[in-house]
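Beneath this line is the structure, given in structure tokens, with notes to follow.
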């Protein structure tokens, strides 16, 4: 029986991992390109999830349109904060941006609770039974969720590696001064970056809202996990973020078969410490040289 | 025996080669220059020698000790010091405090001594202050002693950085582009100070783009190109080397 | 400056009160216009944020009812609301403000045990009444002055109710899942304890962390032990996710959950297919009682939602307090009021279901027994109401009462 | 009334201890500790548990602080040779780990039940109301002593190296300083101060439970030092007063704002806190009283 449990835990871990890979990607892109850990990531997700709830309940829009709206509005939100705040902090220490991002997180969340209150909402999708293969169960909804996540991830990689815009983004990530000197419009790269980040946060938030329930703390609670996964994968590495997230969520799910489930976060924390001890640059990260 | 001996040192980052098969010696009390175009690997070589990054292979011997596995601060304690291309002053401290912070082996850095050996700490502070004032006089920074380091000009910051290194009583100073961004008057000043230090028996290794100033300063030059050492010898000799002319300025000089 | 202004205002208020009193002197209803200051210390934000706002709303409704009836012993109720953020440290300052600045005579609507335990030294020292829906047994032990009143079954009783129900319905292999906090864990533990007293075993006991995206692995781990029923000591958000994942798994199993999570909202969220057959345990008289009917329609009118059990309990707190004040008289101290709570809520006495009704009878000198919206309100010696439990079952998406059990 | 005012003053003085600890870490050394609440919790629980086992309060409180300081040691050793962002994330994770440890290890901490009935300081002989005032006096004295010690530390050669590390760690290394060791010591001292605040708070509230120690508390302390400016004692005190004044003052907002519900009021409060963070960093990075050093490079 043990292998059935293992298989189920792994499947569950992969689905959650893929889903959370979207915001993890958002964190790692900002961390790599704009050089600070964006603590508002989680609450951007929450914003996305609530947008769908609002679109469905207030405007009675179909789910697909609601999701599109959530992605677009979260992207706009992210852009707004870039335009107002992060843009001014580009030349300051990353600490400034980090602290400000926490302020943004509080502002976004409290704005949501001001209008939507503290109670839970759900994004209703029809519930379907799982396909059962001798006890190994796959839920079709999970497959859709994973599918959407994978599509978004593939698109990112195409954007980063196949387009001139992606090349410019990677150049800025490598060395902002050099990129600026070689004529890259860093501002435009940043705008693209924050738009993409908002888009992913929105989409990730919606998917979590579909899988779980929509609460004001939905995204904030995930923040630590996101950061840990990004460091595990190597800061600034998109593929690393995905691998890191998958490693995390799968090992967490498997671990909770034996150790008390409550120690999930502790487990993440110690895994993080271990990685930092043995391989500070993470799985796919690069060493940053001193100039 | 050479003071600093670099043997077959290479550094690769993934597919990229910063430098490879670098071998050279620096004698006690020598004054040597290192030239090369942008990206030739000079600064990276400095970083590898002083411990800021780990080379892929090869050895670094300082005063007879293999220091390849030493942390930066351990190398500094042996007397192997450096300055930076972009000055790294302690912006929140005054010029004087910048030097005081550099004083080595201070008991006052130890919390226990701060409580139990206050007399000793105070005595050390007085001694260090005296040395710091001496160095500020030597660098002609004495008038700026109580200015915030962040308010200095670029050239003054380079002097300050040199001053901090001098507080360490080093045996070898590696200067990374000391003249970059410094006005001509101050360049002359800096050159004189470097010569003075040379006269005191400190070994100096200087990366510099200002070839005129450098060749006037040093009796010996190394030249690097694309991660390799391509020439060494007297400045007039090295600068005429066709390989150097080719690599350095596309043959213009 | 502010101080002296407040003083002046109070003096002015006194003057007005004096005038009113002299004007109405001929009447038998001599009005005492000194308002009764009531602190509402609710968990508006934090983990209790799901219930706190509803509880505050219920308190407001009850206060309105009391005031509309002319106040208790002639004193109108005035509400001073504070958010305890579901945290003991925030609650301490909030309570200090209520006690020291506002000088309330009672604090109602406390939800978490932690807050009740933390404010108890303050309220006891000031000699004021507190009323809560907390479940921790320590509260009973520490309430030496009999000023603390629990309007909810302790975790002990709740856990036992679950176990008795499961046994009565003939299940053999219960599994336990519990939200990892004091209330829920204690409840789950008492379930296990009661169940295992007779030599049976629970198949597994799995506490889970709040705020997860998925509880599938925890659930799978339990389901793999093949329980025939799962006792879920849970709140609404986590129960929603757990049931969603259980339904998708397709593994047959029953669920039994507390009434505050297995409620209409859950059914609305998940749909009839999922909730059908799930058992819900809560205070029985709730829906049958006239007080509840009356309260729930008012609550629905005000908020558009069904009241939660905690909200009903909060409503009862205020009505009980008002009736006790009515019985004790306008000049009664909080301790004297507290001593009357049993008198107005327990037998012998004529059953009443609203404040106005009770006030009427009290004025006639009759004994009353207030049956509340949350429970018939009979208190243990420690001041805890011991409700009967109703076992409800979802038939499609409607909750149907199956059975009532009384634990003694 | 006096009791409420003294309660607020005690609150301010407790938070000042924590803010001083964080100021040493961030303002004077440049360490980003996002796990303040974890150290506060260790101080609170350390002292709380010891006092439940018969250790007198005057001994258990410093012991709790010392425990918090010691807990910082391994974190410092692991992360301080890496960039500052790592410390931020690791300490954030640490504080959550502490909270979960408290929840899980019931044999030690009573888990989510919390620990009620901790002994109050001075209550045995001063009684309740004057106990508060005596505690207030004690806290003022503790704060003054800490202030003097900190000033001595900052002006010592040790403090000079901390400033050097803050301004430019690479340069400090180039001078042969073992910067990780300096940072670890600053982290430990600052964390011990956070623990001290936590221990005082625990014996003041007399109840500790895991739900008190959530990251929001960390950000309260951050806001205090950001507003006041992290590098001056005056800034720390004023920042804390503004923070507590705001947190408590917003309870009185109710009397001003009629139209909105309690949930909305709580939201407004958090919104203002967030805005305060954004706007101070954006428009007044040195804080209200700080000098223009950190964050302007």
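The values are calculated or read from the model by the stated rules, or taken from the named source; none is laboratory data. The structure displayed is predicted, hence computed values, not measured ones. Cβ sites come from the backbone with ideal geometry, for glycine too, and all protein chains shown count toward neighbours.
Could you grab me the full set of residues in segment D:83-101 that are closer than 23 Å to residue A:281 by Cβ, touching a helix residue (DSSP H, G or I) at 6+ places or on another chain (Cβ under 8 Å) and without any contact (Cβ under 8 Å) to a residue 12 or more places away in the chain?
D:86
The rows are residues; the columns are (1) under 22 Å from residue A:101 (Cα atoms); (2) out of contact with any helix residue (DSSP H, G or I) (no Cβ under 9 Å at 6 or more places or on another chain); (3) within 14 Å of chain C (Cβ to nearest Cβ).
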| site | (1), (2), (3) |
| --- | --- |
| D:12 | no, no, yes |
| D:35 | yes, no, no |
| D:42 | no, no, no |
| D:47 | no, no, no |
| D:50 | no, no, no |
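Inside segment D:73-93, can you point out the residues that are more than 7 Å from every other protein chain (Cβ to nearest Cβ) and more than 18 Å from residue D:169 (Cβ to Cβ)?
Answer for segment D:73-93, where residues must be more than 7 Å from every other protein chain (Cβ to nearest Cβ) and more than 18 Å from residue D:169 (Cβ to Cβ): D:73, D:74.
Given the conditions (1) at pLDDT 85 or above; (2) assigned to a helix (DSSP H, G or I); (3) in contact with a helix residue (DSSP H, G or I) (Cβ under 6 Å, 6 or more places away or on another chain), and given that residue C:186 satisfies all but one, which numbered condition is not satisfied?
(1)
What pairs can you find where one residue is in segment C:182-207 and without any contact (Cβ under 8 Å) to a residue 12 or more places away in the chain, the other is outside any helix (DSSP H, G or I), and their Cβ atoms are less than 8 Å apart, with a gap of 6+ or different chains?
C:196/C:202
Considering only residues that are at pLDDT 85 or above and farther than 16 Å from residue C:40 by Cα, look in segment C:126-143 and name the one that is nearest to the other protein chains (Cβ to nearest Cβ).
Only one residue fits best here, namely C:126.
Just name the residue that is nearest to residue A:131 (Cα to Cα) out of those in segment C:247-271 that are more than 11 Å from every other protein chain (Cβ to nearest Cβ) and more than 25 Å from the chain's Cα centre (by Cα).
In this case the residue turns out to be C:252.
Just give me the residues in segment C:349-373 being touching a strand residue (DSSP E or B) at 6+ places or on another chain (Cβ under 7 Å), farther than 20 Å from residue C:106 by Cα and outside any helix (DSSP H, G or I), in sequence order.
Listed by number, the residues that qualify are C:349, C:350, C:351, C:352, C:366, C:367, C:368, C:369, C:371.
Taking segment C:121-134 on its own, how many of its residues are farther than 17 Å from residue C:316 by Cα and buried (at least 18 other Cβ atoms within 10 Å of the Cβ)?
5
Considering (1) under 19 Å from residue C:186 (Cβ atoms); (2) within 11 Å of chain A (Cβ to nearest Cβ); (3) out of contact with any strand residue (DSSP E or B) (no Cβ under 6 Å at 6 or more places or on another chain), say which one residue C:239 fails and leave the rest.
Among (1) under 19 Å from residue C:186 (Cβ atoms); (2) within 11 Å of chain A (Cβ to nearest Cβ); (3) out of contact with any strand residue (DSSP E or B) (no Cβ under 6 Å at 6 or more places or on another chain), the lone unmet condition for residue C:239 is (3).
Could you tell me which of the residues D:274, D:295 is within 7 Å of chain A (Cβ to nearest Cβ) and modelled with pLDDT of 85 or more?
On the way: D:295 fails: modelled with pLDDT of 85 or more.
Residue meeting the stated conditions: D:274.
Just for segment D:182-201: of the residues that are more than 9 Å from chain B (Cβ to nearest Cβ) and over 26 Å from residue D:10 (Cα atoms), which one is surrounded by the most Cβ atoms within 10 Å (Cβ to Cβ)?
Among those residues, the one meeting the criterion is D:183.
Residues B:193, B:245: which one is closer than 15 Å to residue B:34 by Cα, modelled with pLDDT under 90 and either surrounded by 15 or more Cβ atoms within 10 Å (Cβ to Cβ) or in the same structural domain as residue B:82 (by TED's automatic domain parsing) (or both)?
The unique qualifying residue is B:245.
For segment A:218-227, check the following and say yes or no: at least one residue is assigned to a helix (DSSP H, G or I), away from chain C (no Cβ under 11 Å), over 15 Å from residue A:41 (Cα atoms) and within 12 Å of the chain's Cα centre (by Cα).
No - not one qualifying residue is present in segment A:218-227.
Do you know which residues across segment C:170-211 are away from chain D (no Cβ under 14 Å), surrounded by fewer than 18 Cβ atoms within 10 Å (Cβ to Cβ) and under 27 Å from the mean Cα position of the chain (by Cα)?
The one that is away from chain D (no Cβ under 14 Å), surrounded by fewer than 18 Cβ atoms within 10 Å (Cβ to Cβ) and under 27 Å from the mean Cα position of the chain (by Cα): C:193.
Do the conditions hold for residue D:142, that is, is it touching a residue at least 40 places away in the same chain (Cβ under 8 Å), over 21 Å from the mean Cα position of the chain (by Cα) and more than 8 Å from chain B (Cβ to nearest Cβ)?
Details: touching a residue at least 40 places away in the same chain (Cβ under 8 Å): yes; over 21 Å from the mean Cα position of the chain (by Cα): no; more than 8 Å from chain B (Cβ to nearest Cβ): yes.
Taking the combined requirement at face value, the residue does not satisfy it.
So which residues in segment C:79-98 are touching a residue at least 40 places away in the same chain (Cβ under 8 Å) and in contact with a helix residue (DSSP H, G or I) (Cβ under 8 Å, 6 or more places away or on another chain)?
C:79, C:80, C:81, C:82, C:83, C:84, C:85, C:86, C:87, C:91, C:94, C:95
Would you mention how many residues in segment C:235-266 are assigned to a helix (DSSP H, G or I) and in contact (Cβ under 8 Å) with a residue 12 or more places away in the chain?
Residues in segment C:235-266 being assigned to a helix (DSSP H, G or I) and in contact (Cβ under 8 Å) with a residue 12 or more places away in the chain: 16 in total.
So residue A:284 clears everything in (1) modelled with pLDDT of 80 or more; (2) outside any helix (DSSP H, G or I) except one condition, right? Which one?
So the condition that residue A:284 fails would be (1).
Within the set of pairs 6+ apart or on separate chains, which have a first residue in segment A:93-116 that is more than 18 Å from residue D:285 (Cβ to Cβ), a second that is outside any helix (DSSP H, G or I), and C-beta atoms under 7 Å apart?
That search, which allows pairs on different chains as well, returns A:105/A:39; A:105/A:40; A:108/A:40; A:109/A:216; A:112/A:216; A:113/A:216.
Hey, can you tell me all the residues within segment D:65-82 that are assigned to a loop (DSSP other than H, G, I, E, B) and touching a residue at least 60 places away in the same chain (Cβ under 8 Å)?
Taking segment D:65-82 first, the residues assigned to a loop (DSSP other than H, G, I, E, B) are D:80-82.
Hits for segment D:65-82 are D:80, D:81.
Scan B:70, B:52 and give me the residue that is modelled with pLDDT under 85 and within 12 Å of another protein chain (Cβ to nearest Cβ).
None of the other options fit; the residue is B:52.
Out of segment A:232-260, which residues are assigned to a helix (DSSP H, G or I), within 14 Å of chain C (Cβ to nearest Cβ) and touching a residue at least 60 places away in the same chain (Cβ under 8 Å)? Steps first, please.
So the first thing to find is which residues in segment A:232-260 are assigned to a helix (DSSP H, G or I), and the list is A:232-233, A:238-255.
Subsequent filtering for residues that are within 14 Å of chain C (Cβ to nearest Cβ) retains A:245, A:248-255.
Hits for segment A:232-260 are A:245, A:248, A:249, A:250, A:251, A:252, A:253, A:254.
Residue D:31 is checked against (1) under 21 Å from residue A:224 (Cα atoms); (2) out of contact with any strand residue (DSSP E or B) (no Cβ under 9 Å at 6 or more places or on another chain); (3) in a helix (DSSP H, G or I) and fails just one. What number does that condition carry?
Result: residue D:31 passes all but (3).
Assess whether residue B:234 counts as being closer than 22 Å to residue B:84 by Cα and at pLDDT 85 or above.
Details: closer than 22 Å to residue B:84 by Cα: no; at pLDDT 85 or above: yes.
Judged against the criteria, residue B:234 is not a match.
From the list A:155, A:106, A:143, which residue is under 24 Å from residue A:24 (Cβ atoms) and more than 12 Å from every other protein chain (Cβ to nearest Cβ)?
Values: A:106 fails: more than 12 Å from every other protein chain (Cβ to nearest Cβ); A:143 fails: more than 12 Å from every other protein chain (Cβ to nearest Cβ).
The match here is A:155.
State which residue is surrounded by the fewest Cβ atoms within 10 Å (Cβ to Cβ) when the search covers only segment C:273-292 and only residues that are more than 22 Å from residue C:228 (Cβ to Cβ) and at pLDDT 85 or above.
Of everything passing the filter in segment C:273-292, C:290 is surrounded by the fewest Cβ atoms within 10 Å (Cβ to Cβ).
Taking only segment A:88-106 into account, find how many residues are modelled with pLDDT of 90 or more and surrounded by fewer than 22 Cβ atoms within 10 Å (Cβ to Cβ).
Residues meeting the conditions: 0.
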